[in-house]
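The values are calculated or read from the model by the stated rules, or taken from the named source; none is laboratory data. Keep in mind that this is a model prediction, so the values were computed, not measured. So basically every Cβ, Gly included, is an ideal-geometry build from the backbone, and we count neighbours across all protein chains shown. To get the accessible areas, we keep the full protein, side chains included, count just its heavy atoms, and leave off ligands, DNA and RNA. Shrake-Rupley method; radii C 1.70, N 1.55, O 1.52, S 1.80 Å.
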Amino acid sequence: MKQILTLFKKDLLLEIRQQYAFYGVLLYIGATIFVLYMAIESPDNRTWIGLFWIIQLFISINAVAKSFLQESRSRMLYYHSISSPQHFVLAKLLFNSVLMLVMSLLSMVVFSLFLSYPVQKTAAFIGIVFLGGWSMSLVFTFLAAIAAKAQQNAAIMAILGFPIIIPQLLVLMKVSSSVFAAGEPISVASVLILVAFDVMVILLSLILFPFLWKD
């Protein structure tokens, strides 16, 4: 656990020092939502939730995908000498999860301020946003690890990520549709599917990343 927290602290310090990446994502959030506000000020419920999750998807790609792509080969060799692959990938998953949770909260606040806010179950919606942001961060962190070993080929992320992220977005859309009516219950089965999906990604990362680590 100590190694994981130390690697997490390292990523946090790098993010604080390289603030252009963080503020770049904030600029993307603000500019995209402002353009949507100018185009469609009061979208219907389905359009509102669809636009929200599309924004979340691109925020996740911009915020999380760089986690492995920015690591040089010499630095990876250094990490190889001081840490195990499981600790390293868990630290990356933890850091990107926290980063995406912060970005998700900020985007939700800005999105709600500029566009109409039709959500009736705010607490449930916040939980779904955090769960969705966490799920996306796990997927793109794992894909970034694979892309980093493919000669920094970011196109690998798009090719591998498309069949993985689309079912996840469909489940998130289904769960989110229930927050617009106060009397409509949240689909517990869909939430459990998302949680199971996240656990599967973590387990796959722990199993497969050591093979990438040896390369």
> Considering only residues of the range 153-186 that are at pLDDT 80 or above and of a type outside the set (A, V, I, L, M, F, W, C), which is surrounded by the most Cβ atoms within 10 Å (Cβ to Cβ)?
Replying inline: Ser176
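Of all the residues that make up the range 46-91, how many are within 30 Å of Val179 (Cα to Cα) and either touching a residue at least 12 places away in the same chain (Cβ under 8 Å) or aromatic (Phe, Trp, Tyr) (or both)?
Counting residues in the range 46-91 that are within 30 Å of Val179 (Cα to Cα) and either touching a residue at least 12 places away in the same chain (Cβ under 8 Å) or aromatic (Phe, Trp, Tyr) (or both) gives 18.
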>> Against the definition (surrounded by 18 or more Cβ atoms within 10 Å (Cβ to Cβ) and farther than 25 Å from Pro185 by Cβ), how does Met76 come out, yes or no?
In response: no
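Within the range 1-81, which helices (runs of 4 or more DSSP H) (wholly inside it) include 2 or more residues that are within 16 Å of Met108 (Cα to Cα) and at pLDDT below 85?
In the range 1-81, 19-39, 45-64 are the helices (runs of 4 or more DSSP H) which contain 2 or more residues that are within 16 Å of Met108 (Cα to Cα) and at pLDDT below 85.
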> Phe34 is checked against (1) open to solvent by less than 50 Å² (accessible area, probe 1.4 Å); (2) touching a residue at least 60 places away in the same chain (Cβ under 8 Å) and fails just one. What number does that condition carry?
Replying inline: (1)
